[in-house]
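Engineer: Handing you this structure, nothing more for now.
The values are calculated or read from the model by the stated rules, or taken from the named source; none is laboratory data. Just so we're clear, the structure is a prediction, and the values are computed from it rather than from any experiment. Please note: Cβ atoms are built from the backbone with ideal geometry, for glycine as well, and neighbour counts cover all protein chains shown. When the accessible area is computed, the model is the full protein with side chains, heavy atoms only, and any ligands, DNA or RNA have been set aside. Shrake-Rupley method; radii C 1.70, N 1.55, O 1.52, S 1.80 Å.
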Amino acid sequence: MGPVLLFPKYQKLSTWKGDLAKMTHLQAGLSPETIEKARLELNENPDVLHQDIQQVRDMIITRPDIGFLRTDDAFILRFLRARKFHQADAFRLLAQYFQYRQLNLDMFKNFKADDPGIKRALIDGFPGVLENRDHYGRKILLLFAANWDQSRNSFTDILRAILLSLEVLIEDPELQINGFILIIDWSNFSFKQASKLTPSILKLAIEGLQDSFPARFGGVHFVNQPWYIHALYTLIKPFLKDKTRKRIFLHGNNLNSLHQLIHPEFLPSEFGGTLPPYDMGTWARTLLGPDYSDENDYTHTSYNAMHVKHTSSNLERECSPKPMKRSQSVVEAGTLKHEEKGENENTQPLLALD
């Protein structure tokens, strides 16, 4: 173990410049604030970073049944960050990441943006990704559930599009440390649509996101959820980790509690925020790049070859915003309720992402 760093939690950055000099190339590009956050919240120590990575890598021999297709330092580091540098937990997550892909080969057979199913889901806004991060530096993902056209997109393709999007986003070391927020708007989500959320596909999603992906989810927020979404909780309860349930907030149609956790200046107007309404094609155009159009295929070969690109004015004209079913949320007086046994159902967890 490296030396103990005796820094007060809110110590001025100028007083620990010496520690920045010790950071490895794996921390290059991170802001001083993020490096300090990684130290405080994730136990990340530049003095022993490479040793931590190597110890996780050394555990691979214990799982000959799994094909570990990528084991470079930067890749293993994201698993350590996702598990606060508990090496055994990080290796378990790494193993589950590749095992999930081995067990679900069809999901990852053509795992790239030009796959027809993934492309349709991206174009339809699954997921939405806001350009700016929140006040904690977290990326905000959006899902407008009612826009799920079940004749056009399978649930599996939507899940694949979400996982592919996370693969692209998690390449950013800042997001490995700061994490993500997910907001799901259930406005106008019908009972018929909900009936397609079977236990098997919900289990597939939970395994892929909670148990097998190296992302830190700081919160999952439901708004405008109908009663039958609450009923789904009983179906997925056996698959949830107790420690992650407190990260789920069910706000109903009162956004006051949402705004206590995510400030309105970081949210589009659908969620009572000050930003313009979300353009459903934003993330699809960003992910697919300037060559994207409805008629032409995307030419990159895998998510490793993708780079987040700025869209051009011509591209904006080609891909006009798709119509969206509007949120029914309102901002009312209220207070944030935390999950306690016997509390109002609006605070009970439904999904868990670790």
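Engineer: With 5 Å bins from zero, work out the P(r) of the stretch 111-216 over every alpha carbon pair and list the percent per bin.
Structural biologist: So the P(r) values, bin by bin, are 2, 12, 21, 25, 22, 12, 5, 1, 0.
Engineer: What whole number of Å gives the distance from the Cα centroid of the stretch 98-119 to the Cα centroid of the stretch 24-93?
Structural biologist: Going from one Cα centre to the other spans 25 Å.
Engineer: Heavy atoms of the protein only, probe of 1.4 Å, neighbouring chains included. What is the accessible area of His263 in Å², nearest 10?
Structural biologist: Counting only protein heavy atoms, His263 exposes about 60 Å² to solvent.
Engineer: Label point 7 Å out from Glu167 along Cα-to-Cβ: which residues of the stretch 46-71 have amide N under 14 Å?
Structural biologist: Output list for this probe position: 69-70.
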